[in-house]
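The values are calculated or read from the model by the stated rules, or taken from the named source; none is laboratory data. This is a predicted model, so every value here is computed, not measured. Using ideal geometry, Cβ is built from the backbone for each residue, glycine included, and neighbour counts are taken over all protein chains shown.
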Amino acid sequence: MQTTDRGRAIVLGASMAGLLAARALADSYAEVVVVDRDDLAEDDRGKGHSETRRGVPHGGHLHNLLAAGLIAVEELFPGITGELSAAGAVVGDGTENVRWLVNGTRMPKPRSGLPLLSVSRPHLERRVRARVRALSTVVFQERVEIKGLLTDPARATVVGVRVAVGEDHRDLLADLVVDATGRRTRTPSWLTELGYGEVEEEKLTVNVGYTTQYYRLSEDRLVDEVSIDVGGSAAVPRGALCAKIEDGCAVVTGYGIAGAYPPRDTAGFHDFLKSLAATDIHEAVHDQEPLGDPLTYRFPANLRRRYERLPSFPDGLLVIGDAVCSFNPVYGQGITVAALGARVLREHVSRPGAVAPRTFLADLAARAVDHVWDLTTGADAAFPGVGGEPTEEQVAEQAYLDRFLAAAARDGDLLVAYARVAFLLDPAAALVAPEIQEAVARASVPTA
């Protein structure tokens, strides 16, 4: 239900987190202004899978929208899954249509009912942006540089932003400003300048490098499958994902952790795929037509900013998406966490009265960030060269996970339980529930 007594909200950044935030705000504000430095109208006309705009330099690489994120996005934009599918995105079952290889072992493919959508990042973002543009309360201001926050004289409330269009500086007033500008957000420095102190940061260095190649895929490849996932491990700290996307194409992203980077040329990339714990992706694409040159990207560290721990925080300002927490992209969680954050935002702005930033930020941490951060950093810490010496608790947890995955290779129900956690539907604690531990023990008993 629309709350018309709220005037204007401004969203900084028109990437996925910003678009989802704009949708979450649209029913509660008379006007939502999305501000971005890029020429989005030009990007609207783009069609290439790997054509990226300046604000999304990693957009050409494989991106996942995990089941929890797909459900949240469908809540915000009813019917968008069908719309994307009709436009060429590939849909399926999250376990039945995925060839999952763990430690070189092919996992079972039970039907789980978990939704799966495979689509290139540029195609997804353009479709979502089109839906946001169609909202009557949303307007875009493009090719605009964000210069800083505007506050009241006491610096207790953010009342807008200062922007620049070329040499022309303007003040945009608002009842609420939402920062969705990503990992390079300037909100921490703005808060320090305003007297709120330094934002606590948590960081885990992973030094991930990845290379992506697109292919024209023949019909005899990945029959009845949407994707192949060859996971990395402590023994082999590199892996790859191959996914069918729109227009009969496939995208393959290979990654290496702690410096084990894939090469930047197609021949070297194929050799890299062949060196993984399983050669399934190499066999699927090595003789297929490559589309364009390989793309490369480097990601230094998982980074979390603990805004919710500041002793005070200005009214009228919220932060969301990668501006709060930026995860190792190998796990494909970023868009899903942005969607979960937009769900939290929608709930908070739909309540009567002004949004309480500290309450929102604490809720965002608890419902969209905490468990994902623990999952990601826990998985990364298992790789050599990441996180220092593991604690006894971490060693025990990894030993149990190894037993669990070995058992899941024999028990499809265990694989579904694991997928529900990996797809951010269930907390990691679900994997140590008594009935799950009993199933692991049963599946671990050697058969005669």
Members of segment 94-111 found to be surrounded by 18 or more Cβ atoms within 10 Å (Cβ to Cβ) and either touching a Lys or Arg at 6+ places or on another chain (Cβ under 8 Å) or of a type in the set (A, V, I, L, M, F, W, C) (or both), listed by number:
Thr95, Glu96, Asn97, Val98, Arg99, Trp100, Leu101, Val102, Met107
Quick check on segment 274-294. Is at least one of its residues within 21 Å of the chain's Cα centre (by Cα) and surrounded by fewer than 18 Cβ atoms within 10 Å (Cβ to Cβ)?
no
For segment 282-338, the count of residues that are in the same structural domain as Pro357 (by TED's automatic domain parsing), more than 29 Å from Ala419 (Cβ to Cβ) and touching a His at 6+ places or on another chain (Cβ under 8 Å) equals 0
Inspect all residues belonging to segment 432-444 and state whether any of them is in a helix (DSSP H, G or I) and farther than 30 Å from Arg99 by Cβ.
yes
Leu191 crowded, with 17+ Cβ neighbours inside 10 Å, closer than 16 Å to Pro357 by Cα and not assigned by TED's automatic domain parsing to the domain that holds Thr279
yes
Taking the options Val230, Val236, name whichever one is closer than 27 Å to Thr205 by Cα and modelled with pLDDT of 95 or more.
Val230
Among (1) in contact (Cβ under 8 Å) with a residue 12 or more places away in the chain; (2) part of a helix (DSSP H, G or I), the one test that Gly387 misses
(2)
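Examine segment 338-357 for a residue that is crowded, with 17+ Cβ neighbours inside 10 Å and under 30 Å from Arg106 (Cβ atoms), and state whether such a residue exists.
Within segment 338-357, the subset crowded, with 17+ Cβ neighbours inside 10 Å is 338-346, 348-349, 355, 357.
Imposing the further condition that a residue be under 30 Å from Arg106 (Cβ atoms) reduces the set to none.
Within segment 338-357, not a single residue is crowded, with 17+ Cβ neighbours inside 10 Å and under 30 Å from Arg106 (Cβ atoms).
Regarding Gly160, is this residue out of contact with any strand residue (DSSP E or B) (no Cβ under 7 Å at 6 or more places or on another chain), surrounded by 17 or more Cβ atoms within 10 Å (Cβ to Cβ) and at positive phi? First the steps, then the outcome.
Values: out of contact with any strand residue (DSSP E or B) (no Cβ under 7 Å at 6 or more places or on another chain): no; surrounded by 17 or more Cβ atoms within 10 Å (Cβ to Cβ): yes; at positive phi: yes.
Against the criterion (out of contact with any strand residue (DSSP E or B) (no Cβ under 7 Å at 6 or more places or on another chain), surrounded by 17 or more Cβ atoms within 10 Å (Cβ to Cβ) and at positive phi), Gly160 does not qualify.
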Within segment 213-243, the residues that are within 19 Å of Pro384 (Cβ to Cβ) and without any contact (Cβ under 8 Å) to a residue 40 or more places away in the chain are Arg238
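Just wondering, is there one or more residues in segment 192-204 that are without any contact (Cβ under 8 Å) to a residue 40 or more places away in the chain, closer than 28 Å to Tyr307 by Cα and part of a loop (DSSP other than H, G, I, E, B)?
Start the filter on segment 192-204 by keeping residues that are without any contact (Cβ under 8 Å) to a residue 40 or more places away in the chain, which leaves 192-193, 198.
From what's left, closer than 28 Å to Tyr307 by Cα: 192-193, 198.
From what's left, part of a loop (DSSP other than H, G, I, E, B): 198.
Scanning segment 192-204, I find at least one residue that is without any contact (Cβ under 8 Å) to a residue 40 or more places away in the chain, closer than 28 Å to Tyr307 by Cα and part of a loop (DSSP other than H, G, I, E, B), so the answer is yes.
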Only one of Ala368, Ala362 is part of a helix (DSSP H, G or I) and closer than 19 Å to Asn64 by Cβ. Can you tell me which?
Ala368
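For segment 332-340, state whether one or more residues are under 12 Å from the mean Cα position of the chain (by Cα), among the polar types (S, T, N, Q), on the phi < 0 side of the Ramachandran plot and not in a helix (DSSP H, G or I).
Kept after step one, since they are under 12 Å from the mean Cα position of the chain (by Cα), are these residues of segment 332-340: 332-340.
Now drop any that are not among the polar types (S, T, N, Q), which leaves 333, 336.
Now narrow it down to the ones that are on the phi < 0 side of the Ramachandran plot: 333, 336.
Next cut, not in a helix (DSSP H, G or I) only: 333.
Yes, segment 332-340 has at least one match.
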Going by what's in this entry, would Leu70 be described as at pLDDT below 95, under 26 Å from Glu225 (Cα atoms) and surrounded by 23 or more Cβ atoms within 10 Å (Cβ to Cβ)?
no
Considering each of Arg358, Arg351 in turn, give the residue that is in the same structural domain as Ile320 (by TED's automatic domain parsing) and in contact with a helix residue (DSSP H, G or I) (Cβ under 9 Å, 6 or more places away or on another chain).
Arg358
